[in-house]
1. Hey, got a sec? Which trypsin sites (Lys or Arg not before Pro) in segment 412-489 land in a DSSP loop and have at most 13 other Cβ atoms within 10 Å?
2. Using a simple charge model, +1 on the beta-carbon of Lys and Arg, -1 on the beta-carbon of Asp and Glu, nothing else, what dipole does the chain show about its Cα centre, in debye to the nearest 20?
3. What percentages make up the Cα-Cα pair-distance distribution of segment 1-160 when the bins are 5 Å wide from 0?
4. Just to check, using Stokes-Einstein with a Kirkwood Rh over alpha carbon pairs, what's the diffusion coefficient of the chain at 37 °C and 0.692 mPa s in µm²/s?
5. Taking the number of other C-beta atoms within 10 Å as the exposure measure, put Leu471, Leu198, Leu449 in order starting with the fewest.
6. How large is the convex hull of the Cα atoms of segment 10-287 per residue, expressed in Å³ as a whole number?
7. Over segment 93-174, consider all pairs of different Cα atoms and compute the Kirkwood hydrodynamic radius from their mean reciprocal separation; express it in Å, one decimal.
Amino acid sequence: MTAQASGERRIRILDTTLRDGEQSPGVSLSHSEKLELAAQLARLGVDVIEAGFPISSPGDFAAVKAIAEASRGWDQDPVICGLARAIGADIDAAWRAVQPARQPRIHTFISTSPVQMDYQLRKSRDEVLMQAVRAVQQARGYCTDVEFSAMDASRSELSFLKEIYCAVVEAGASTLNVPDTVGYALPEEFGSLVAEILAALPDGCGASVSVHTHDDLGLATANALAAVSAGASQVECTVNGIGERAGNASLEELVMAIQTRRDTLGAVTAVNTGEIYRTSRMVSALTGVVVPPNKAVVGANAFSHESGIHQDGVLKMPSTYEIMDPAAIGRPKSRLVLGKLSGSHAFRSRLGELGIRLPDEQFQLAFKQFKELADRKGEINDEDLEAITGSTLVNVPESYALEYFQISTGNRSVPTATVRLRFCGGDSQEEAATGDGPVHAMYHAVDRLTGLPVVLHDYALNAATSGKDALGEVTVKLDYKGHIYSGRGVSTDVLEASLRAYVHALNKIVANGGRAMPDGRAVTGADAR
């Protein structure tokens, strides 16, 4: 976060990770995960948290309302926003959900492009205009902070956009959002569109212009920055750029671009950049969406240098090849060599230097994992620590804990796995099963132990660190009664990592309402009453 100089514009950041971000295929956050992430977004210093789409489901309504209520106890005071179609019931639900917040906002939208008006809405321009005005008037009757979006604005007719934006301003909208809903625009034309809309607004209307860009052509961040240059005063984005289809403009890219090129853009944000890296890791751990190594700002390779020329330059002066200080996003470069003889003091100190803060219970779990890993590979580096602590960012009660597993496999034998789990009551049980491969056999054995009716939706294996003793990081997504739960496991043994990821996802299911039998098995079929 940087002090604002005279003449610089303040760009408001609306984070929609909890709404558009959750629309990423395979992402489903539990009630407690949404609350935890919302609190972290507040610490990050975003201006507006778009907490969800209240009318979409009872669960989403409850989560938005809980976030609005919780926000009253935060040190920070972000606006809590609920999304609503330009429909009366949507707006009523949005208001009931965000009303407890100190600063509530209703964000209503309707499609304005010819293709969407003709084929999706089946409405004329006049009908869309009238519906938009009525929606804003209804929302304005509830609160003074009302945002209006002309969905698919980048493919809409400019004359109609000007007409509808001026009409909703007169109806009481305080923020006008210009969405590039399908990622169609190019930066130059999107900047021009924003400038045209700003010029068309009545003098002294007081409405601010926002933009919401998608990454279908890889231009979301570029389009948002072009809009900022053209006069937009709010940008809507998500952590790690997650979202519908190819995702949204990335919060970390936008904020750091504005800060790094402050000389050209003449703008600042209120984001606490020191919380960016931790927030990115939390979103990745909660959603199960792995951050690519080459991801700008927060990727594992963002501050890595392999070329000898680059290394020489960075050693002499970091700015020769680094345009940002990694410490500015909460990721120091300095390293502390840790091994099996290191104590908890040294471990905690190094985590602190990395910007990782864990409650005592989670710290003890991470320290135990650290000791187990140190016995296997000797020296532990920063990437190892990040991989270890990534799975402890969210405290999930251990209804099932892995005690033991054994695999028998070969190219001429049927893979067989034996797995022993300890249940929350303290008892341990063991099962054996066969499968098409060792991972399948392990998962089959666990299914027999727990009785949970899950379907493996996705499995991903990545190298969390490098070298012959690299950590394997496995992410799984399980479908349980139509809901997707992600799990994450880390180990030098990819089979162990696979098993830990599966058990982690099962623990999330139980924590989110999956009932268990006295012997630890989940209630299924005839057992349910």
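Read-outs throughout are calculated quantities, based only on the coordinates presented, and are distinct from any laboratory measurement. Because the structure is a prediction, the values reported are computed rather than measured. Heads up, the Cβs are rebuilt from the backbone with ideal geometry, glycines too, and the neighbour counts pull from every protein chain shown.
1. Arg412, Lys468, Lys481
2. Using only the charged Cβ atoms, the result is roughly 880 debye.
3. 1, 9, 17, 19, 18, 15, 11, 7, 3, 0
4. D = 132 µm²/s.
5. Leu198, Leu449, Leu471
6. It comes to 116 Å³ per residue, whole-number rounded.
7. Its Kirkwood hydrodynamic radius stands at 13.0 Å.
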